[in-house]
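Reviewing the structure listed below.
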Amino acid sequence: MALQTSIARCNARVGRAPAARVAVKPQYVRGAAQVVAAKKKEIMMWEALREATDEEMERDPTVCVMGEDVGHYGGSYKVTYDLYKKYGDMRVLDTPICENGFMGMGIGAAMTGLRPIVEGMNMGFLLLAFNQISNNCGMLHYTSGGQFKVPVVIRGPGGVGRQLGAEHSQRLESYFQSIPGVQLVAVSTVANAKALLKSAIRSDNPIIFFEHVLLYNIKGETHDGDYCQSLERAEMVREGTDVSIFTYSRMRYVVMQAVAELEKKGYNPEVIDLISLKPFDMETISKSIKKTRKALIVEECMKTGGIGASLSAVINESLFDELDHQVMRLSSQDVPTAYAYELEAATIVQPNQVVEAVEKMCSKVAAAV
Amino acid sequence: MALRSASTQLLGRAGLLPAAVCNAFHRCMSTSDKFSVEVLPFKAHRIEPPNNVVETSIDELVGMYELMYKMRRMEIAADMMYKAKLIRGFCHLYDGQEAVMTGIEAALTKEDAVITSYRDHCQHLSRGGTVKEVMAELMGKRDGASKGLGGSMHMYNRQANFYGGNGIVGAQIPLGAGLAFALKYQKKPNVAIAMYGDGAANQGQKYEALNMAGLWNLPVIFVCENNHYGMGTAEWRAAKSSTFYTRGDYIPGLKVDGMDVLAVKKSMEFAKAYALEHGPIIMEMDTYRYHGHSMSDPGSTYRTRDEISTMRQERDPVERVRKLLLAKGYDAAAIKAMEKSVKKEVDTAVEEGKAAATPPNEWLWRNVYVAPANMDMRTVEGTYVQPTYDPTYSS
């Protein structure tokens, strides 16, 4: 039970409530029946990420991890827990607190052929490393005329947690989305976390890999064996007909909570987890919109210039004739995340707002018919 | 011997000595024989400096001279091409600093890694690139070092472990630490050279890299090319302490006469041995650039023309080697012939660069990613394009 106490300690340190506030709904997989639990073990997301890291480090000696407290401390979210004991200090490197410095170092190492996983203790801290990520990571393959690959995975938790204050509650996926040459991935379930991290590590492109502070302790099953999930494909969470709801990361659970409510009211929404924030999986997205003719984006990113803003523009431009209603976009407010619980809750999207948005869209369209 | 060689030189230079006598003289002294040259003593910080006697040979000096002369002619040609508007944007020239890179190469192999800033044309050359590649790249042509996509500040050579070519001041320093980290990780007996200027020496990320390098004993040699001006700001106006070789605190440093290629070579041999065994070391190269910071900078508003011309007369690195070669009895005619051949190479490279084709539009979306799968990126009009991957740019 040492694990339980250490998790509790971890929670206490970051001021987290022991359980995630939003109930986790079973995952719906496109076309398949719900997986019947044979003797499959449920693990937490941090364990799934740890398994992925461990498996890839074992498989490929050029894979290494670097970041603050990833080694002896065990990782601030336990993703690299005890891996240094197995792989040594060089492969699980405790860096000093110098994001610009160690991001550059990781990228330099990647240029020679290593495959570093650089952890930002919080994705917000990576703003200090933005120059390295933008110029030396994203652009290098192009400007070197294809000579140097930068196979790094830049991973860490982002998003709004539990009263962590403004500077530790940033949702800044969109700050990175314009960087040419990088891919952005956001994980949301235990299964896709492990499968996507494996793919990201194996990818030769630089991947910015967004986890969420509040999802590390959610439980679920991983895929069997060496399963790697495509980094560019969205996930069908729930097939439907009334409206296409596009979401990612923790907002997936907010949406599914709203869906429970909507089902009772007789709606049949389709829910798609974007997974790939750059590039968008336009095949899945357009197929869904052509079917439902209504698009709702639910994200934790900022309203101004968020991932949803980009997606909304793309949908309007390329799927205008397929829409019966303008694209609706629920994003977090353009304010720093306040400390007070109620204000923090008011900053991000809540399930009731999703329900209202769907009702509004569907009734307006129905009235127009 | 000295008297004879002096008269031989004089007569030889005047063309009055028949070739046979010249050759006879050379048979007495082999060009691969080693001899010693004294250089300016090194200043040291937290380390015992090497002595200031350098062993070299005519062969080595000839090789160095050729490289330095080529660098010089290439940069002058770039200046002319820039003024002719065939090179656009930023163009940072290295003339005056040739001894630094040439001396570094003399101490290294191509298995050692080099990374530098935007003043990288001559590094590309010394790492095995050609004048043609540099010229074509500066003119934005598809035959260029980076296929015309990088420009002046982004030249690379993977095979020769040359990691560019970096536009942002100081950002290459942590990358250099990363190169050394990878070398240590892969247990290779090689070093990484992270080059930067006196301006970049005030960047925070330099100290982050120094700390990490010192912490893990990474085999990295930090080379500060101190040309005394960070663009228009003199070193004493930008740095509280301009003894850059001491600013690594616990990391040892050497200050070297960067206008003397032999001093640079000796110090770098010392540094490589040190770095492989102990870890990082800082080398401050006291050097000078004749041009301004870049072609947009006349280079004379913040320093006097006297200063520039005095440097040229008294400390020019290329001239120094030439004088040394002649003093050692090397045939002036051979030097002239080599210079002529270098000039021809540079002129040809310029002409070839002018005539070369520009990169085709298809290359706009080439190699943004490595082997992209299911990637649809959007064009200006909003249509979709699939990025392509082809490291050879064969089509």
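Summary table below
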{"item": "Unmet criterion (only one of (1) in a helix (DSSP H, G or I); (2) in contact (Cβ under 8 Å) with a residue 60 or more places away in the chain) for B:E314", "result": "(2)"}
{"item": "Residues (at positive phi and crowded, with 20+ Cβ neighbours inside 10 Å) located in segment B:341-380", "result": "B:N367"}
{"item": "Filtered residues of segment A:53-71 (kept if over 21 Å from the mean Cα position of the chain (by Cα) and either within 14 Å of A:E119 (Cβ to Cβ) or of a type in the set (A, V, I, L, M) (or both))", "result": "A:M57, A:V63, A:C64, A:D69, A:G71"}
{"item": "Hits in segment B:280-307 (condition: within 20 Å of the chain's Cα centre (by Cα) and not in a loop (DSSP other than H, G, I, E, B))", "result": "B:I281, B:I282, B:M283, B:E284, B:M285, B:D286"}
{"item": "Residue count, segment B:146-159 (criterion: among the hydrophobic types (A, V, I, L, M, F, W, C) and more than 7 Å from chain A (Cβ to nearest Cβ))", "result": "2"}
{"item": "Single condition B:V380 does not satisfy, out of (1) in contact with a His (Cβ under 9 Å, 6 or more places away or on another chain); (2) not assigned by TED's automatic domain parsing to the domain that holds B:A136", "result": "(1)"}
{"item": "Of all residues in segment A:72-105 being basic (K, R) and touching a residue at least 24 places away in the same chain (Cβ under 8 Å), the one that is nearest to the other protein chains (Cβ to nearest Cβ)", "result": "A:R91"}
{"item": "Of the criteria (1) free of Cβ contacts under 8 Å to residues at least 40 places away in the same chain; (2) facing chain A (nearest Cβ under 8 Å); (3) in contact with an Asp or Glu (Cβ under 9 Å, 6 or more places away or on another chain), which one B:G199 fails", "result": "(2)"}
{"item": "Residue that is nearest to the chain's Cα centre (by Cα), among those in segment A:167-179 that are assigned to a loop (DSSP other than H, G, I, E, B) and under 15 Å from A:I154 (Cα atoms)", "result": "A:L172"}
{"item": "Residue list for segment A:302-349, filter: within 14 Å of chain B (Cβ to nearest Cβ), without any contact (Cβ under 8 Å) to a residue 24 or more places away in the chain and either within 21 Å of A:R171 (Cα to Cα) or buried (at least 19 other Cβ atoms within 10 Å of the Cβ) (or both)", "result": "A:S312, A:A313"}
{"item": "Number of the condition not met by B:L183 [criteria: (1) part of a helix (DSSP H, G or I); (2) more than 8 Å from chain A (Cβ to nearest Cβ); (3) out of contact with any Phe, Trp or Tyr (no Cβ under 9 Å at 6 or more places or on another chain)]", "result": "(2)"}
{"item": "Subset of segment A:39-64 (residues that are over 21 Å from A:Y227 (Cβ atoms) and either in contact with a strand residue (DSSP E or B) (Cβ under 7 Å, 6 or more places away or on another chain) or hydroxyl-bearing (S, T, Y) (or both))", "result": "A:T62, A:C64"}
{"item": "Any chance B:A209 is within 20 Å of B:Q123 (Cα to Cα), small (G, A, S), assigned to a helix (DSSP H, G or I) and modelled with pLDDT of 95 or more", "result": "no"}
{"item": "A:Y142 vs. criteria surrounded by fewer than 22 Cβ atoms within 10 Å (Cβ to Cβ), within 14 Å of another protein chain (Cβ to nearest Cβ) and touching a residue at least 24 places away in the same chain (Cβ under 8 Å)", "result": "no"}
{"item": "Search result, residues across segment B:207-219 that are under 16 Å from A:T95 (Cβ atoms) and more than 10 Å from chain A (Cβ to nearest Cβ)", "result": "B:G214, B:N217"}
{"item": "Criterion violated by B:L175 - all others in (1) within 22 Å of B:E105 (Cβ to Cβ); (2) of a type in the set (A, V, I, L, M); (3) within 8 Å of another protein chain (Cβ to nearest Cβ); (4) part of a loop (DSSP other than H, G, I, E, B) satisfied", "result": "(4)"}
{"item": "Residue, nearest to the chain's Cα centre (by Cα), within segment B:362-392, restricted to residues that are more than 7 Å from chain A (Cβ to nearest Cβ), farther than 17 Å from A:P180 by Cα and modelled with pLDDT of 85 or more", "result": "B:T392"}
{"item": "Residue ID - surrounded by the fewest Cβ atoms within 10 Å (Cβ to Cβ), chosen from residues in segment B:198-210 that are touching a Phe, Trp or Tyr at 6+ places or on another chain (Cβ under 9 Å) and not basic (K, R)", "result": "B:Q203"}
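The values are calculated or read from the model by the stated rules, or taken from the named source; none is laboratory data. Because the structure is a prediction, the values reported are computed rather than measured. Counting neighbours? That spans all protein chains shown, and the Cβs are built from the backbone with ideal geometry, glycine included.
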